[in-house]
Amino acid sequence: MDLQQPDRRMAHRRALKRGVVGLLGAVSVLTIGAGSLSLAQFTDSASSTWAFTTGTIDVSTSPAVLTAVSSMFPGDTATQALTVTNGGTGDLRYALSVVATNPLGSALQLTVKLQDSGGGCAAFTGTSVLAATTLNGAGFGSSAQGAQTGDRNIAAGATEVLCLRITLPLTTGNALQASSSAATFTFDAEQTASNP
């Protein structure tokens with residue numbers, strides 16, 4: 001019988017125990033490390049909100065239908081006040097273009113001034129906006145994007161009154177007796193902000 005065999009068994013058992021203890025120790029260290037990562041800690045967070053709303057460009061005119069003028073003779077004039085309103089939230093610029101029908105529309109002359117406080121449109125003494133020109137094709141400014149010569153600016157919520165004067169020139173011939181014409185005044189508006 002080999003006397004060293006029990007010693008070898010004992011040494012083997014001790015080595016096995018040490019291996020098991022070492023393995024358990026390593027597992028414990030890993031478990032404790034993982035546990036420390038999942039432990040609760042003080043935290044905090046914050047958020048901000050940001051709302052957006054677009055503005056509006058809203059041009060309108062009043063009255064929508066101007067007073068009809070009848071029985072004009074060469075040399076006659078008719079004056080009408082037209083209020084232009086910026087009902088939007090942003091400053092705007094606008095332009096005017098006119099289309100008038102029939103030969104009479106090409107014979108009539110249009111002049112536009114701003115209403116002044118001295119006598120209103122009846123006095124027709126305000127600042128000139130448009131010198132006398134043929135009604136058909138008349139206008140000021142441009143509907144092209146950006147600031148153009150003749151464009152009119154109106155602040156948000158503001159108005160201005162244009163005095164429109166129509167004249168049938170003294171040189172109008174007999175061919176236009178009993179003629180009629182209708183004119184459409186178109187106001188094109190655009191924002192002034194970020195739109196040089």
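The values are calculated or read from the model by the stated rules, or taken from the named source; none is laboratory data. These numbers come from a predicted model, not from an experiment. For neighbour counting, all protein chains shown are included, and Cβ atoms are generated from backbone atoms with ideal geometry for every residue, glycine included. Side chains are part of the model used for accessible areas, which takes the heavy atoms of the whole protein and leaves out ligands, DNA and RNA. Shrake-Rupley method; radii C 1.70, N 1.55, O 1.52, S 1.80 Å.
Being more than 18 Å from the chain's Cα centre (by Cα) and not aromatic (Phe, Trp, Tyr) is the requirement here; does residue 148 meet it? Please lay out each step first, then the result.
On the way: more than 18 Å from the chain's Cα centre (by Cα): yes; not aromatic (Phe, Trp, Tyr): yes.
Yes, satisfied.
Evaluation of residue 143 against the conditions (1) open to solvent by 20 Å² or more (accessible area, probe 1.4 Å); (2) farther than 23 Å from residue 154 by Cα; (3) in contact with a strand residue (DSSP E or B) (Cβ under 8 Å, 6 or more places away or on another chain); (4) outside any strand (DSSP E or B) shows that the sole unmet condition is (2).
Return the pair list, or none, for Cβ contacts closer than 9 Å from residues in the stretch 168-182 that are closer than 12 Å to residue 70 by Cα and open to solvent by less than 80 Å² (accessible area, probe 1.4 Å) to residues that are among the charged types (D, E, K, R) and modelled with pLDDT of 95 or more, at least 6 apart or on different chains. Listed pairs, sorted by first residue: 168/76. For the stretch 89-112, give me each residue that is open to solvent by 40 Å² or more (accessible area, probe 1.4 Å) and farther than 30 Å from residue 174 by Cα. Residues satisfying the conditions are 89, 91. In summary, residue 127 fulfils each of the numbered conditions (1) exposed (fewer than 15 other Cβ atoms within 10 Å of the Cβ); (2) among the β-branched types (Val, Ile, Thr); (3) farther than 18 Å from residue 96 by Cβ with the single exception of condition (3). Would you check if there is a residue in the stretch 67-85 being touching a strand residue (DSSP E or B) at 6+ places or on another chain (Cβ under 6 Å), open to solvent by 20 Å² or more (accessible area, probe 1.4 Å), aliphatic (A, V, I, L, M) and not in a strand (DSSP E or B)? Taking every residue of the stretch 67-85 in turn, at least one turns out to be touching a strand residue (DSSP E or B) at 6+ places or on another chain (Cβ under 6 Å), open to solvent by 20 Å² or more (accessible area, probe 1.4 Å), aliphatic (A, V, I, L, M) and not in a strand (DSSP E or B).
What tally of residues in the stretch 157-196 results from selecting those that are in a loop (DSSP other than H, G, I, E, B) and more than 23 Å from residue 116 (Cβ to Cβ)?
Quick first cut of the stretch 157-196, residues in a loop (DSSP other than H, G, I, E, B) only: 157-158, 168-173, 177-182, 192-196.
In the following step, the residues that additionally are more than 23 Å from residue 116 (Cβ to Cβ) were identified as 168-173, 177-182, 192-196.
Adding up the residues that qualify gives 17.
Apart from one condition, residue 148 fits all of (1) open to solvent by 60 Å² or more (accessible area, probe 1.4 Å); (2) part of a loop (DSSP other than H, G, I, E, B); (3) closer than 13 Å to residue 107 by Cβ; the exception is (3).
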